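Shown next, in structure tokens, is the structure this report addresses.
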Amino acid sequence: AQSVTQLGSHVSVSEGALVLLRCNYSSSVPPYLFWYVQYPNQGLQLLLKYTSAATLVKGINGFEAEFKKSETSFHLTKPSAHMSDAAEYFCAVSVPGRRALTFGSGTRLQVQP
Amino acid sequence: GAGVSQSPSNKVTEKGKDVELRCDPISGHTALYWYRQSLGQGLEFLIYFQGNSAPDKSGLPSDRFSAERTGGSVSTLTIQRTQQEDSAVYLCASSLGQGQGGEAFFGQGTRLTVV
């Protein structure tokens, strides 16, 4: 079975600072990996996904993530945080034979002015 | 429709009552998922529908929970004899084809409060 661990339930950064949200996965087969963002009182929106093509994936709003098989990681980064990035971020994994996405517990990002 | 539509957006019910939550997926999407998001928790998978295949019900927490999808489109999640621990946001998502759950599009959710 696959699983996802997000390190840090809350992350706080200053506006303009680097954003780094950590995600580690466990899977017995090559996974597909995703980052979703959830703004207050809204559903989830796909930020980016890894589907075994390029290991560095670029998404919307300046976010990117790098798939590192040796570290079983898929950390999300953004060079310069903006106030509008404040939200909850979820890492998710899916694998063949288990069609539904398995989500991590989420990381709430706070951006300080 | 343009996106996944869920109704109602909010539901308050008394303990022991039955509730029905509705999901209208994106037109043409053959896969439909239900997730539950409790306060301070991640997303818990409930059930998955793909075309005419038997649904994957492995995430349903008890036999009080059931779901159906009529005509391969609209889905209804039913919770019987609601309990306070059922209070959560119920999220529906849909996606194209049999992709590995990829690029699922989510609705705004139904916030269920059991009092």
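Could you say which residue among B:Glu14, B:Glu44 is out of contact with any helix residue (DSSP H, G or I) (no Cβ under 6 Å at 6 or more places or on another chain) and more than 14 Å from every other protein chain (Cβ to nearest Cβ)?
Working: B:Glu44 fails: more than 14 Å from every other protein chain (Cβ to nearest Cβ).
Criteria check complete, one pass: B:Glu14.
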What residue, among those in the stretch A:75-91 that are within 11 Å of the chain's Cα centre (by Cα) and within 14 Å of another protein chain (Cβ to nearest Cβ), is surrounded by the fewest Cβ atoms within 10 Å (Cβ to Cβ)? A:Glu88
Picked from the stretch B:38-51 (must be closer than 30 Å to A:Leu7 by Cβ and surrounded by 18 or more Cβ atoms within 10 Å (Cβ to Cβ)), the residue modelled with the lowest pLDDT is B:Gly42
Residue list for the stretch B:57-86, restricted to those being within 13 Å of another protein chain (Cβ to nearest Cβ), within 13 Å of the chain's Cα centre (by Cα) and within 22 Å of A:Ser105 (Cβ to Cβ): B:Gly59, B:Leu60
Within the stretch B:90-115, take every residue that is buried (at least 21 other Cβ atoms within 10 Å of the Cβ), more than 9 Å from every other protein chain (Cβ to nearest Cβ) and modelled with pLDDT under 95 and give me the one that is farthest from A:Gly43 (Cα to Cα). B:Ser95
In the stretch B:1-37, what residues are hydroxyl-bearing (Ser, Thr, Tyr) and either over 18 Å from B:Gly71 (Cα atoms) or loosely packed, with under 13 Cβ neighbours inside 10 Å (or both)? B:Ser7, B:Ser9, B:Thr13, B:Ser27, B:Tyr35
Quick one: is A:Ser94 within 14 Å of chain B (Cβ to nearest Cβ), surrounded by 17 or more Cβ atoms within 10 Å (Cβ to Cβ), more than 16 Å from the chain's Cα centre (by Cα) and among the small types (Gly, Ala, Ser)? no
Single match in A:Leu48, A:Leu33, A:Leu18, A:Leu7 (criterion: open to solvent by less than 60 Å² (accessible area, probe 1.4 Å) and either under 21 Å from A:Val111 (Cβ atoms) or among the hydroxyl-bearing types (Ser, Thr, Tyr) (or both)): A:Leu48
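The values are calculated or read from the model by the stated rules, or taken from the named source; none is laboratory data. All values reported here derive from a predicted model rather than from experimental measurement. With ideal geometry, Cβ positions are generated from the backbone for all residues, glycine too; neighbour counts draw on all protein chains shown. Areas reflect the complete protein model, heavy atoms only, side chains present, ligands, DNA and RNA absent. Shrake-Rupley method; radii C 1.70, N 1.55, O 1.52, S 1.80 Å.
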